[in-house]
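The values are calculated or read from the model by the stated rules, or taken from the named source; none is laboratory data. The model shown is predicted, which means the values in this text are computed figures rather than measured ones. When we count neighbours, we look across all protein chains shown, and the Cβ atoms used for this are built from the backbone with ideal geometry, even at glycine.
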Amino acid sequence: MDLIKPEIGLIFWTALTFGILLFVLRKFAWKPILGAVGDREDSIKKALAEAENARKEMQNLQADNERILKEARAEREAMLKEAREIKEKIVSDAKEQSKVEGDKMIKQAQATIESEKKAAVADIKNQVAELSVEIAEKMIKEQLGNKDKQLKLVEDMLGDIKLN
Amino acid sequence: MRIRTYRSFFTILFLSLLTTGFAASEPKENISSIEEEEFNASELIFHHIGDSHSFHVYGSDEDHFPKALTIPLPVILWTDNGLVTFMSSEFHHDVDGKVVVEKKGMKFVNLHDKIYQLNAGASEVVFDAEHHTDNAVQPLDFSITKNVFSMFLSMVLLLLIFMFAARSYKKSNDNMPSGIGRFMEPIVVFIRDEVAIPNIGEKHYKRYMPFLLTLFFFIWINNVIGLIPFFPFSSNLSGNIAFTLTLAVITFVITIFSSKKYYWKHMLWMPGLPIPMKLFLAPIEIIGMFVKPIALMIRLFANITAGHVIVLSLIGLIFIFKSFWVAPISVLFTLFISVIEVLVVAIQAYIFTMLSALYFGQALEEEHEH
């Protein structure tokens, strides 16, 4: 039957055509097309890997940031605490010192007052002594001039003293 | 009688497919002559799916409108006296062996689209009781037949399509195709990812990609050309056994040449079986080695031929029933089958390629993979 009897001519031309097609397409079509597709896929793969790396790096960075932030916060806390302590210490120290100083000043003042008082009293005593001497002098003078007058004088003086 | 059937077929085809206006203008006696003839569907179909030395474009009649147009094709013969070439038009459309062409002192006739060389001294073909020739032999026929012409057309188309596709990659700066390349790339990638890599494996597939791609597109485009029912297409190349045979043999040869030790060991001395079983399996495996390419050959041939036969049978119904009223139904069914055929031809090309890849993969199999 003709239908299933292969003809030599067609076999020859098919083999030839297929050979030419294979050779030409391999060189000018499949190689560039598959090459381009492969290159593109590689570049996509590379880009994806890079993105993944970047994401990981980002994550690392974020973790680092968080850690640093935490540390900074802790440090700040510590510093604040220390500062508060120092402040309190300074304040208390200052208070104590001022108290001591004050006490010292008060004592000094008291001592000064005391010595002033003493000096004043001593001065008064001297003046009283001088006045007493003057009075005594005047009285003696009066007594010596007039007996009455002397008496009167004594009386007056006594009256004066009372007034004092 | 035969050629008249053929002519009447095309007259009716034109009447039914083109316009009804044609029917009115067609000479009356022509139609009546058709009705008298006995329509031989199988003859028509076998003529149509077979090869031809000339390419019929349209028309059925030399005298009436539309005038028949048949493109002559070169006849190339290798005879005892060397190469003989002439145009098929020298036979004047004769396929019954009546017209004798004389070249280099040798006489040739066209008998059912086969070229016969008359024996020395004979002046015309003599038939025996079974309508076989007694006094003529077939020389080696390398003619550019309808199928060969169609194959060259497919080659030109493939080269154009893929040269343009490949060039579109070069033009772009980011390896992105444009135009036809954008359409072809998914198919190329499909062959690579779904056919080559799963069957052959990542390690070796690259070597077979050019073959598989060429094979797939070559079969596919010729299948599609066979589906288009007008010049310069309409041949039945991929439904021709010579065509499928050649491709199957190429696949077989590549399989044998890429086979590794394990392939032969597995075939001739199946490991891990008792010796009687080994002896029993070896011949089966050897037969299997040849059955695979034969199955490839028959599958493509039978599928494509069957498609053509169905379409022609459906159109033939019109003439069997001798009624125009069958035409709409025939055309509708033909359309339906044609749509299915569009799918079938792609699937057949895919299956041929896929099985080829599978055989290569088997030949390349290594010990540890089993």
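Quick notes
- Complete set of residues in the range B:316-339 that are part of a helix (DSSP H, G or I) and without any contact (Cβ under 8 Å) to a residue 12 or more places away in the chain: B:PHE321, B:VAL326, B:PRO328, B:LEU332, B:LEU335, B:PHE336, B:VAL339
- Considering the range B:198-241, the residues that are assigned to a loop (DSSP other than H, G, I, E, B) and among the hydroxyl-bearing types (Ser, Thr, Tyr) include one that is farthest from A:ILE8 (Cα to Cα), namely B:SER234.
- Within the range B:188-204, the set of residues being within 11 Å of chain A (Cβ to nearest Cβ) and either in contact with a Ser or Thr (Cβ under 7 Å, 6 or more places away or on another chain) or free of Cβ contacts under 8 Å to residues at least 24 places away in the same chain (or both) comprises B:VAL189, B:ILE191, B:ARG192, B:ASP193.
- Qualifying position, being more than 14 Å from chain B (Cβ to nearest Cβ) and charged (D, E, K, R), among A:ARG67, A:ARG40: A:ARG67
- Condition check for B:SER60: modelled with pLDDT under 80, among the hydroxyl-bearing types (Ser, Thr, Tyr) and on the phi < 0 side of the Ramachandran plot: yes
- Taken over the range B:139-151, the criterion of being at the interface with chain A (Cβ under 7 Å from one of its Cβ atoms) and surrounded by fewer than 19 Cβ atoms within 10 Å (Cβ to Cβ) is satisfied by B:LEU140 alone.
- With respect to the conditions (1) modelled with pLDDT of 85 or more; (2) surrounded by 19 or more Cβ atoms within 10 Å (Cβ to Cβ), B:ALA136 falls short on a single one, namely (1).
- Some residue of the range B:141-153 being in a strand (DSSP E or B), touching a helix residue (DSSP H, G or I) at 6+ places or on another chain (Cβ under 6 Å) and either in contact (Cβ under 8 Å) with a residue 24 or more places away in the chain or under 24 Å from B:LEU227 (Cβ atoms) (or both): yes
- Some residue of the range B:228-235 being surrounded by 21 or more Cβ atoms within 10 Å (Cβ to Cβ), within 15 Å of B:ILE304 (Cβ to Cβ), at pLDDT below 90 and within 14 Å of chain A (Cβ to nearest Cβ): yes
For (1) at the interface with another protein chain (Cβ under 10 Å from one of its Cβ atoms); (2) at pLDDT 85 or above, each residue gets a yes or a no:
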position	(1), (2)
B:VAL125	no, no
B:HIS131	no, no
B:LEU158	yes, yes
B:SER168	yes, yes
B:ASP174	yes, no
